[in-house]
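Values quoted throughout were computed directly from the atomic coordinates according to the rules given, and no laboratory measurement underlies them. These figures come from a predicted structure and were not determined experimentally. Virtual Cβ from ideal backbone geometry, glycine too; neighbours counted across all protein chains shown.
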Amino acid sequence: MINIPAGFQSVISCFSFAFRKDVWPKAQLLLFGAIICPGSRTVCNVLRCVGLTWEKSFSKYHRLLSQDKWSAFQLSSVLLRMVVNKFIPKDEPIVFGIDDTIERRWGWKITKRGI
């Protein structure tokens, strides 16, 4: 394992609740690698960026994303709270813009598509 900077660990420690104790170090490593990895952020590329090209079992890192139990909804809500607390003044309203252009279906049941 590589040494992850203490400043980075202190920022992301609020996400640790969503992972089992034995999975959290792998999640930290993937997150750190995803930030510093240029180009495509596949698990293999992320591990190469953090210097784990010698790692024989890339599958345990793939398994973290595919089979381990964690909630993207819980993690995204923590991230949203962190962003709001850091960048939005306390008395300011929060305005969200939602883009639904990813909807590829057409028809009379799909209303307000692309608005």
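The table below gives the values:
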| read-out | value |
| --- | --- |
| Cβ-based exposure ranking for I36, I4, I88, in which fewest neighbours within 10 Å come first | I36, I88, I4 |
| Segment I36-T53, length gained on full extension (0.36 nm per residue, minus Cα span) | 4.6 nm |
| FRET efficiency, V11 to I88 (Cβ-Cβ, R0 30 Å, nearest 0.05) | 0.95 |
| Calculated FRET efficiency for the pair V95/A72, C-beta based, R₀ 22 Å, to 0.05 | 0.40 |
| Residue-count net charge about V46 - beta-carbon cut-off 13 Å; Lys, Arg +1, Asp, Glu -1 | +2 |
| Using a Förster distance of 22 Å, the FRET efficiency for D22-L79 (Cβ separation, nearest 0.05) | 0.45 |
| Span from the segment 1-21 Cα centroid across to the segment 59-82 one, whole angstrom | 13 |
| In Å, descending, principal axis extents of the Cα set of segment 1-43 | 29, 20, 18 |
| Interatomic Cα distance distribution for segment 6-87, bins of 5 angstrom, percent | 3, 13, 23, 25, 21, 11, 3, 1, 0 |
